[in-house]
1. Please calculate the 1.4 Å probe accessible area of V164, with all protein chains present, and give it to the nearest 10 Å².
2. From the Cα gyration tensor of the range 1-123, with a ≥ b ≥ c the square roots of its eigenvalues, which class applies: rounded if a/c is under 1.5, or else prolate if a/b is larger than b/c, or else oblate?
3. Classify the range 8-48: rounded, prolate or oblate, from the alpha-carbon gyration tensor (a ≥ b ≥ c, eigenvalue square roots; a/c under 1.5 rounded; otherwise prolate if a/b is larger than b/c)?
4. Only Lys, Arg, Asp and Glu count, each charged at its Cβ (+1, +1, -1, -1), so figure out the dipole size of the chain about its Cα centre, rounded to 20 debye.
5. Dipole of the range 42-115, Cα-centred, from +1 at each Lys and Arg C-beta and -1 at each Asp and Glu C-beta, to the nearest 20 debye?
6. Of all the accessible heavy-atom surface of the chain, with the other protein chains kept in place and a 1.4 Å probe, what percent is carbon and sulfur?
7. So, in nm, how far is label V137 from label F115 when the simple model puts each one 7 Å beyond its Cα toward the Cβ?
8. Starting from the Cα of K38, draw a straight line to each of the lysines and keep only those under 24 Å, dropping any in the same chain fewer than 8 residues away.
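The values are calculated or read from the model by the stated rules, or taken from the named source; none is laboratory data. Note that the structure is predicted; figures quoted are calculated from it, not measured. Neighbour counts are summed over all protein chains in view; Cβ atoms, including those assigned to glycine, are modelled from backbone coordinates with ideal geometry. Just so you know, the surface numbers come from the protein's heavy atoms only, side chains and all, with ligands and any DNA or RNA stripped out. Shrake-Rupley method; radii C 1.70, N 1.55, O 1.52, S 1.80 Å.
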Amino acid sequence: MESAEQAISGIDDGATLMVSGFGPPGQPEAVLEAVLAKGVTDLTIINNNAGAGGVAISRLFAAKRVRKVVCSFPKAIGSTIFDELYLAGEIELELVPQGTLAERIRAAGAGITGFFTPTGYGTELAEGKEVRVIDGVPSVFERPLFADFALVRGHRGDRYGNLVFRKTGRNFGPIMAAAAEVTIAEVGGVLPQLDPEVIATPGIYVDRVVVGADTGADTLPATGTEA
């Protein structure tokens, strides 16, 4: 894509967006800024953090563009935006343990219709869910998480949509890319071709690639030169 604005075409009011990031690492800032500028609202955001540690996603919450958030860590040191909205009844929260969140996203991409986990058993998180005792362990049934769009941040991409990630920036990117109808990848640079041995997300899962800010020097083997 020529710009982040072009890359987010089709994201409209009421969309469900998966957003990669573990705090700032792996967060697609340029794409999120474009979503903010477009003015779409009534969004559902699936993310590890409720706006903590990232400017653009925090601004989406502050602008009251988000109707619901599905996340593991809604509260973080120094972040008050979500707290204020939630206490005022202006945003809905679905709290999901981090491992369960990752597995629900992965299940969507793998075509798994659900799974049982002991995590959350006996707590409010299990209310209304099927519970079974498997090999003596009470377990809660969890369903896969899908999204209309996945917004992920890669370190480098190529013209086929293959992606590599840099260190912690990998986090939720690969599983989110497989769990959405449309995957938009923001990358620090585009190479003509990547070494197949280092590709973490195959291009079959990626629909659009846009270049954002570079986040670090190349430490990964690739063929070709930077475009």
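1. In the full protein context, V164 sits at about 0 Å².
2. Numbers: a/c = 1.80, a/b = 1.28, b/c = 1.41.
Oblate, since a/c reaches 1.5 and b/c is not below a/b.
3. Values: a/c = 2.49, a/b = 1.50, b/c = 1.66.
Oblate, because a/c is 1.5 or more while a/b does not exceed b/c.
4. On the way: 19 positive and 28 negative charges, 52 e Å.
I would put it at about 240 debye.
5. Values: 8 positive and 7 negative charges, 38 e Å.
The calculation lands at about 180 debye.
6. On the way: 5630 of 10700 Å².
Exposed carbon and sulfur together represent 53 percent of the surface.
7. In this crude label model, V137 to F115 measures out at 1.2 nm.
8. Correct list for K38: K64, K68.
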